[in-house]
Amino acid sequence: MRYWERENECERLFRQGGPFYMVTTENLPWLLFTSEQEFIDGTNMTAVSLAGLPLRLLGEVEMNNHLHFLLEGAYEKVLVFTEHLRKAMSRYQLKRGNPSLARWDIQIKAIGDLKALRNAILYIFRNPYVAGRDVTPSGYRWSSAQLMFNENLSYYSAGVSYNELTYREKRKITQSRGDVLSVDWRVLDGAILRASFVDYRRAEAFFESARQYFHMLARKVEADAETARWIGECIQLPNEDVFRIVADWYKVRTVNLLLPEQRLEAARRMKAELMSSNKQVAQVLRLPIDQVNQFFPVPNSS
């Protein structure tokens, strides 16, 4: 099958599927998860909240103070999922002595075309890398990115089936009655495997090939900023990505070749389009931080 035929197939799948939604929880001023066990608990709460619903979870990531999900299915069912998760997370956080999540802001954004769907998938998977963690997108443990176009993962079938667990083990994992999950889902070291509850094969089908996916994952940094603005999230791309983007704006080999007036224009574009901090603007464009703070005043800056 030729490239354009495969692209047409991706478009057909999008039009015949859906609806698609990106779900994002607000960035909290405190941490949802502070240990491996708490990340495991978060994974299990996601799986339990999804169980039994006619939804496809195409991609997800757990950050330590917020979550992202990409879902396919009716909006009403997405609301049920988010409410289940809100209640479970709220109970869990209260037990840890954290504030209630009764007013947890959860954004649900409809995805209107294949390009936006791809960008949302890539944004979710790049989130740990963009946040500054020393990890590749596919190497981050608490994300379904590790499943995408990966035929060498033994833990697709690792662990044991949920049905093999004792009733006490089931209750510990679900933090409720033990009969809420599919008997075929698999559990390893107390964690429900993402391969059981994430439809990563469906997510793969919206890319023409594994090569296209990995190329876009590595290069679609501009789409990260666009998606962040769309969902109302504030992110900052790594300096190395911003260097490349700015150089490409002006068709120069390096930002050091920019003229003074180009640097000022680039600073405005970095703030508006890439949501760069003043510090990043100063570092990338080699401008004095005092000058940048004068152009873009920040609280308590001098």
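With a cut-off of 8 Å between alpha carbons and a minimum separation of six or more residues, what is the relative contact order of the chain in percent? Don't skip to the answer; put the middle values down first.
On the way: 400 pairs, mean separation 54.8, N = 302.
After rounding, I find 18 percent.
Within the shell of other residues whose beta carbon sits under 15 angstrom from the beta carbon of Thr43, the net charge comes to -2, with Lys and Arg scored +1 and Asp and Glu -1. For the chain, modelled as a GNM whose springs connect Cα atoms under 10 angstrom apart, the maximal fluctuation among Glu164, Glu204, Glu151 occurs at Glu151. When the chain is treated as a Gaussian network with alpha carbon springs shorter than 10 Å, the biggest mean-square fluctuation among Ile289, Ile111, Ile173 belongs to Ile289. Exposure proxy shown here: for Thr82, Thr136, the number of other Cβ atoms within 10 Å sets the order, fewest to most, as Thr136, Thr82.
The helix-based estimate of mean residue ellipticity at 222 nm for the chain, built from -39,500 (n - 2.57) per DSSP H run of four or more residues and divided by its residue count, is -14500 deg cm²/dmol to the nearest 500.
Working from label points 7 Å from Cα in the Cα-to-Cβ sense, the Phe296 to Ala272 distance is 1.2 nm. Projecting the Cα atoms of Leu285, Ser161, Ser100 onto the charge dipole of the chain, computed from C-beta unit charges around the Cα centre, puts Ser100 farthest toward the positive end. May I ask which residue of Met270, Asn150, Leu259 lies farthest towards the positive end of the charge dipole of the chain, with charges of +1 (Lys, Arg) and -1 (Asp, Glu) on Cβ and the Cα centre as origin? With unit charges placed on the Cβ atoms, the residue in question is Met270.
Grab the Cα-Cα distance for Arg171 and Arg141, subtract it from 0.36 nm times how many residues apart they are, and report the gain in nm with one decimal. Extending this stretch completely gives an extra 8.4 nm.
If R0 equals 41 Å, the separation of the Cβ atoms of Ser157 and Arg103 corresponds to a calculated FRET efficiency of about 0.50. Counting every other Cβ atom within 10 Å of each residue's Cβ, Phe14, Phe20, Phe243 order from fewest to most as Phe243, Phe14, Phe20. For the range 5-46, a simple Cβ point-charge model (Lys and Arg +1, Asp and Glu -1, everything else neutral) yields a dipole of about 200 debye relative to the Cα centre. Computed from point charges on the beta carbon alone (+1 for Lys and Arg, -1 for Asp and Glu), the dipole magnitude for the range 237-295 about its Cα centre is near 60 Debye.
Ranking Ser138, Val198, Gly52 by how far each Cα lies toward the positive end of the dipole of the range 3-219 (charges on Cβ) leaves Gly52 at the top.
Read-outs throughout are calculated quantities, based only on the coordinates presented, and are distinct from any laboratory measurement. This one's a predicted model, so the numbers in the text were calculated from it and none came from an experiment. Using ideal geometry, Cβ is built from the backbone for each residue, glycine included, and neighbour counts are taken over all protein chains shown.
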